Amino acid sequence: MKLVALSNVIKAHLQVNDKKGIYRLFDIRILSCEVGLRKPDAKIYKYAFRKLSMKPQETVFIDNKLTNVETARKLGAKGIFYKSPSQLRKSLEKLKLI
């Protein structure tokens, strides 16, 4: 299993997040300011699938914006609309990921 950060972020916030070490938690980072694409544009999701060498059906996309989750679902990914830690845990358990 790989953990990927797929985030809409501007360069100034990227620098702050890098200093805090936030992206060290992820195996791969795909950031809008680095790739020139933003969620919910389907192109950034397709870019992520190619970078991972995975089919959408093999991925789980988690986001706190429903429109972003809907795009991932339309492309074939399993999508989880994040509302709270406990809800996320239940959703991941349903998928047998934890």
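Observations on the model:
- Solvent-accessible surface of region 1-65, averaged per residue with a 1.4 angstrom probe and all protein chains in place: 69 square angstrom.
- Largest-first ellipsoid semi-axes for the chain, taking √(5λ) over the Cα gyration tensor eigenvalues, angstrom: 21, 17, 13
- Cut-off 19 Å, label 7 Å out along Cα→Cβ of residue 52, residues of region 1-18 by amide N: 1-9
- Carbon plus sulfur fraction of accessible area for the chain, probe 1.4 Å, in percent: 54 percent
- Out-of-range pairs (alpha-carbon distance over 29 Å; input 51/78; 19/90; 2/90; 65/90): 19/90
- Helical contribution to [θ] at 222 nm, DSSP H n ≥ 4, -39,500 (n - 2.57), averaged over the chain, rounded to 500: -12500 deg cm²/dmol
- Taking 7 Å steps out from each Cα toward its Cβ at residue 74 and residue 15 produces label points 3.5 nm apart.
- The chain, relative contact order [Cα under 8 Å, separation at least 6], %: 19 percent
- Taking amide H atoms as placed 1.01 Å from N in the peptide plane, the amide H of residue 9 lies under 5 Å from those of 32, 33, each 5 or more residues away in sequence or on another chain.
The values are calculated or read from the model by the stated rules, or taken from the named source; none is laboratory data. Just so it is clear, the model here is predicted, and its values are computed rather than measured. For neighbour counting, all protein chains shown are included, and Cβ atoms are generated from backbone atoms with ideal geometry for every residue, glycine included. Note: areas computed on protein heavy atoms with side chains; ligands, DNA, RNA excluded. Shrake-Rupley method; radii C 1.70, N 1.55, O 1.52, S 1.80 Å.
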